[in-house]
Structure formats: C-alpha cells, structure tokens
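Everything on this sheet refers to the single structure shown next.
The values are calculated or read from the model by the stated rules, or taken from the named source; none is laboratory data. This one's a predicted model, so the numbers in the text were calculated from it and none came from an experiment. Using ideal geometry, Cβ is built from the backbone for each residue, glycine included, and neighbour counts are taken over all protein chains shown.
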Amino acid sequence: MAEWYEKSFGEDYLLVYKHRDVQGARREVHKMISWLGLSQGARLLDLCCGMGRHSMALVEAGYEVTGVDLSDVLLREAKRNDPDNLVEWLRADMRELPLHGGYDAVVNLFTSFGYFEKDEEHTKVLKEIARMLKPKGRFIIDFLNPSYIETHLIPYSERMDSGQLIIENRRIADGYVEKHITICQEGPEGDKELVKPRHYLERIKLYSYDRFLAMLTEAGLQLDKVHGGYEEENYDMKSSPRMILVGTLA
C-alpha cells in the first residue's frame with residue numbers, strides 16, 4: 001500500500017499550492033543566504049525541492065544547486081521552470097540519497113520533514129543530511145512550530161480555484177498534524193456531485209525543539225540558531241509560527 005507522500009504530491013498538489021509564488025521564495029532565499037554565510041559559487045542541496053522555487057532562486061543568487069524530490073510530477077514542473085538546465089534535478093528518497101556529498105549546505109524547506117512513521121526514519125534523513133555536507137558544512141531545516149500549531153490550527157477551510165472546490169480538514173492526533181484534502185469539480189450551477197471527489201492526506205509528525213535537538217545531535221549535526229520565521233530573528237516556543245533550524249556539521 002502506497003504511503004500518503006507517494007500519492008499526495010501529484011497533479012492536484014499543483015492546484016492546492018499554486019498560491020506559493022516565486023517572489024516569496026526569493027525573499028526567503030535572501031534571508032537564508034544571510035544565515036548560512038556562504039560564498040558565491042557554493043554547492044547547495046535543496047532536499048525535497050518540490051517545484052523548485054527555492055532551487056531556482058538559489059541559482060539566481062549565484063549558487064550551484066542540486067534539487068532532489070521523490071515526486072515525478074513536481075520534478076517535471078521544476079524542470080519546466082528551468083529551461084536552461086541551471087539546476088541538477090534528481091528523483092530520490094530523502095532517506096537514501098544516491099549522492100556522494102561534498103555540499104557546502106543542505107536546505108530542507110516548507111515542512112518537508114516528519115513524513116514517516118518511525119523516529120528512526122527521521123533520524124536517518126538527518127544522517128543523510130550530515131553525510132551530504134563538507135566538513136563544517138551548513139544546514140537549514142524549515143519546520144513548523146508544534147506549540148504554535150496546537151493553538152492556531154484551523155480545523156476547516158474551503159476555497160474555489162480554477163472551478164474546483166478545495167476543502168481542507170485539519171486535526172492533531174497521535175502526535176501528528178494531519179490535513180485531509182478533498183477536491184471536487186464544480187458542475188453546472190455549483191453541482192459538485194457530478195464528479196467523484198479526490199481525497200488526499202498530508203501527515204507530519206510533531207517534534208518539539210528538545211526532541212529535534214536530540215535527533216540532530218544523534219545524526220552528527222550541531223544546532224547553532226533557531227529562527228521563528230523568515231521575518232523573525234528569534235524563536236519563541238509559544239508565538240513563533242515556524243521553527244527554522246540552522247546549524248553545522250559537528
């Protein structure tokens with residue numbers, strides 16, 4: 001049976017997240033560059049690169065970039081947006097990368113962590129990040145802030161986009177935050193019963209700061225700084241929307 005992440009990053013993902021824009025990625029990359037402190041021409045790995053917005057912004061900023069993702073659909077979009085082949089695109093599972101390392105930095109963005117059932121699998125991802133890095137190489141993991149999610153979760157939302165009704169139900173259960181997505185084609189006069197709805201799940205394991213720190217240490221990574229968002233320098237467990245971990249290969 002396919003895992004949720006093998007089914008949910010397909011054609012409909014492009015619809016659900018089409019509001020994620022290139023300008024936003026450029027702003028985030030500009031901030032990341034200041035945190036990483038890398039020189040021009042540095043080699044970066046964008047782990048779980050999706051449609052490649054950040055990969056392309058990093059190339060524009062003067063870096064040599066490899067983008068890795070498991071989704072054929074998202075990599076297809078990434079390649080379509082890179083007509084000059086500026087990025088090396090690669091399909092792979094983040095738990096077992098077919099790469100030899102030697103990167104100056106690895107970035108893992110937009111909550112592309114916490115997908116699996118077992119803690120050991122997430123630690124394996126962190127060990128792969130460590131293996132990819134040069135000595136004193138840098139990393140960024142942009143994760144959600146569990147405490148903020150618990151108090152600000154929106155249980156239900158819906159919107160229309162391109163003639164499709166997108167319904168999102170969210171909950172926290174068994175240490176995970178889950179989003180159940182239903183997409184219905186709008187029929188004549190708003191009749192949504194004419195086309196069978198499509199259903200998807202997104203499921204992220206909630207790791208506290210302390211637990212994440214322990215896993216990083218186990219993987220051979222040193223945490224240097226935590227940011228609460230791309231506009232916030234300091235992380236506050238209760239009020240920060242994000243938990244952006246910045247560090248170094250130990």
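Summary table below
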| quantity | calculated |
| --- | --- |
| Matching entry among Val59, Val107, Val73 (being among the β-branched types (Val, Ile, Thr) and either under 19 Å from Arg131 (Cβ atoms) or outside any helix (DSSP H, G or I) (or both)) | Val107 |
| Odd one out for Ile154, checked against (1) in the same structural domain as Asp21 (by TED's automatic domain parsing); (2) in a loop (DSSP other than H, G, I, E, B); (3) farther than 23 Å from Lys7 by Cα | (1) |
| Residue, modelled with the lowest pLDDT, within the range 143-166, restricted to residues that are crowded, with 17+ Cβ neighbours inside 10 Å, closer than 19 Å to His19 by Cβ and touching a strand residue (DSSP E or B) at 6+ places or on another chain (Cβ under 6 Å) | Gln164 |
| Members of the range 34-56 found to be of a type in the set (Asp, Glu) and either surrounded by fewer than 24 Cβ atoms within 10 Å (Cβ to Cβ) or in a helix (DSSP H, G or I) (or both), listed by number | none |
| Test: residue in the range 205-213 that is at pLDDT 95 or above, within 23 Å of Leu133 (Cβ to Cβ), in contact with a Ser or Thr (Cβ under 8 Å, 6 or more places away or on another chain) and surrounded by 13 or more Cβ atoms within 10 Å (Cβ to Cβ) | no |
| Residue within the range 236-246 that is closer than 26 Å to Phe116 by Cβ and among the acidic types (Asp, Glu) present | no |
| Residues (out of contact with any strand residue (DSSP E or B) (no Cβ under 8 Å at 6 or more places or on another chain) and within 23 Å of Tyr103 (Cα to Cα)) located in the range 218-250 | Glu218, Ala219 |
| Selected residue [under 14 Å from the mean Cα position of the chain (by Cα) and closer than 30 Å to Cys184 by Cβ] from Asp12, Asp21, Asp69, Asp46 | Asp69 |
| Subset of the range 80-98 [assigned to a helix (DSSP H, G or I) and either of a type in the set (A, V, I, L, M, F, W, C) or under 11 Å from Ser55 (Cα atoms) (or both)] | none |
| Any pair with Cβ under 9 angstrom, 6 or more apart, that starts in the range 19-30 at a residue that is outside the structural domain of His54 (by TED's automatic domain parsing) and of a type in the set (Phe, Trp, Tyr) and ends at one that is surrounded by 14 or more Cβ atoms within 10 Å (Cβ to Cβ) and at pLDDT 90 or above | none |
